[in-house]
Amino acid sequence: MLTDFDIRAKLIEKIHKENRGKHYRIIEELVICDGLARADIALANGVFHGFEIKSDHDSLERLINQIECYDKTFDKNTIVVGQKFEDRIADYIPSHWGIQVAYVNRFGTISIKKIRSTKMNKKISLYNLLDLLWNVELRSYLKENKVRGYSKKDRTGLKEMAIENIAFKLLKDYTRETLKTRTGWREDLP
């Protein structure tokens with residue numbers, strides 16, 4: 001039976017391999033929806049992709065809340081499960097989510113196979129996505145876009161001004177690129 005650690009290590013290895021030669025960042029344990037959920041792995045490359053891991057030792061108890069939060073945050077979402085959930089996970093996961101199964105192959109190593117491809121998510125909430133930005137990053141982007149009146153705004157006001165004055169796609173791209181290139185954030189990130 002595979003653990004979260006087993007699946008995570010193989011998934012990160014797979015993501016690195018698939019993105020070789022590209023500019024990307026893998027972020028583990030990314031807090032989303034203002035702390036209501038945590039993405040096991042987030043990939044920021046040309047899209048913002050969330051990965052939820054359910055190992056053979058997990059339950060699906062929190063999955064409904066996790067799906068809602070992932071859908072408010074990521075361009076694409078994929079669940080990676082152990083074989084324990086292989087036959088029933090499609091019943092729990094929206095059709096735009098990708099499904100992958102981790103298993104021990106005939107050589108005794110871990111493999112991950114794709115069961116269903118990931119489609120673009122159309123449920124993103126800019127309000128939730130902008131939670132991932134720091135106030136200084138929001139102010140900088142408002143200034144760059146020549147939006148006035150942000151200097152005395154609190155976090156909520158900054159997010160509202162951004163949503164009212166900057167196009168959806170631009171805000172999504174800015175958030176993704178900011179997370180991809182942010183420095184001085186967490187010791188575990190390059």
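The values are calculated or read from the model by the stated rules, or taken from the named source; none is laboratory data. Since we're looking at a predicted model, the values are computed, not measured. Ideal geometry is used to build each Cβ from the backbone, glycine not excepted, and the neighbour counts take in all protein chains shown.
Is it the case, given these coordinates, that Leu179 is farther than 16 Å from Lys72 by Cα, in a loop (DSSP other than H, G, I, E, B) and touching a residue at least 60 places away in the same chain (Cβ under 8 Å)?
Spelling it out, it is not the case that Leu179 is farther than 16 Å from Lys72 by Cα, in a loop (DSSP other than H, G, I, E, B) and touching a residue at least 60 places away in the same chain (Cβ under 8 Å).
Considering Ala37, Ala42, the condition of being aliphatic (A, V, I, L, M), in contact with a Gly (Cβ under 6 Å, 6 or more places away or on another chain) and over 23 Å from Asp87 (Cα atoms) is satisfied by Ala42 alone.
Picking from residues in the stretch 102-113 that are assigned to a strand (DSSP E or B) and touching a Ser or Thr at 6+ places or on another chain (Cβ under 9 Å), the one that is nearest to Gly46 (Cα to Cα) is Ala102. With respect to the stated conditions, Leu63 is under 23 Å from Lys122 (Cβ atoms) and either more than 14 Å from the chain's Cα centre (by Cα) or of a type in the set (S, T, N, Q) (or both).
Would you check which residues across the stretch 31-90 are among the basic types (Lys, Arg) and either within 16 Å of Leu130 (Cβ to Cβ) or in a helix (DSSP H, G or I) (or both) and list them? Break it down into steps so the answer makes sense when it comes.
First, pick out the residues of the stretch 31-90 that are among the basic types (Lys, Arg): 38, 54, 62, 72, 76, 84, 88.
Within the stretch 31-90, Lys72, Lys84 qualify.
Among residues belonging to the stretch 27-39 that are free of Cβ contacts under 8 Å to residues at least 40 places away in the same chain and of a type in the set (D, E, K, R), point out the one that is surrounded by the fewest Cβ atoms within 10 Å (Cβ to Cβ).
The first filter runs over the stretch 27-39 and keeps only residues free of Cβ contacts under 8 Å to residues at least 40 places away in the same chain, leaving 29, 31, 35-39.
Now drop any that are not of a type in the set (D, E, K, R), which leaves 29, 38.
On the way: Glu29: 12, Arg38: 16.
Once the filter is applied, the top-ranked residue is Glu29.
When residues in the stretch 133-155 are screened for being outside any loop (DSSP other than H, G, I, E, B) and either among the small types (Gly, Ala, Ser) or at positive phi (or both), 1 of them pass.
Filtering the stretch 103-133 to residues that are more than 13 Å from the chain's Cα centre (by Cα) and surrounded by fewer than 13 Cβ atoms within 10 Å (Cβ to Cβ) leaves Asn105, Arg106, Phe107, Gly108, Thr109, Lys113, Lys114, Ser117, Lys122.
Going by the conditions given, is Ile12 in a helix (DSSP H, G or I) and closer than 19 Å to Thr181 by Cα? Before you say what the answer is, go through the steps one by one.
Working: in a helix (DSSP H, G or I): yes; closer than 19 Å to Thr181 by Cα: yes.
In short, yes.
Can you spot a residue in the stretch 156-175 that is in a helix (DSSP H, G or I), outside the structural domain of Ala42 (by TED's automatic domain parsing), closer than 21 Å to Ile26 by Cα and among the polar types (S, T, N, Q)? Talk me through it step by step, then tell me what you get.
Narrowing the stretch 156-175 to residues in a helix (DSSP H, G or I): 156-165, 168-175.
Among the residues that remain, those that are also outside the structural domain of Ala42 (by TED's automatic domain parsing) are: 156-165, 168-175.
From what is left, the residues that are closer than 21 Å to Ile26 by Cα are 171-175.
Within this subset, residues satisfying the condition of being among the polar types (S, T, N, Q) are 175.
There is at least one residue in the stretch 156-175 that is in a helix (DSSP H, G or I), outside the structural domain of Ala42 (by TED's automatic domain parsing), closer than 21 Å to Ile26 by Cα and among the polar types (S, T, N, Q).
Considering the conditions (1) farther than 21 Å from Ala44 by Cβ; (2) touching a residue at least 12 places away in the same chain (Cβ under 8 Å); (3) acidic (Asp, Glu), Glu137 is excluded by exactly one of them, (1).
Of everything in the stretch 76-93, what is of a type outside the set (A, V, I, L, M, F, W, C) and surrounded by fewer than 21 Cβ atoms within 10 Å (Cβ to Cβ)? Give them in sequence order. Break it down into steps so the answer makes sense when it comes.
Here is the first cut: in the stretch 76-93, the ones of a type outside the set (A, V, I, L, M, F, W, C) are 76-78, 82-84, 86-88, 91-92.
Selection gives Lys76, Gln83, Lys84, Glu86, Asp87, Arg88, Asp91, Tyr92.
With respect to the conditions (1) surrounded by 10 or more Cβ atoms within 10 Å (Cβ to Cβ); (2) in contact (Cβ under 8 Å) with a residue 12 or more places away in the chain, Lys143 lacks only one, and its number is (2). What about Ser95, is it under 20 Å from Asp56 (Cα atoms), in the same structural domain as Leu43 (by TED's automatic domain parsing) and not in a helix (DSSP H, G or I)? The answer is no for Ser95.
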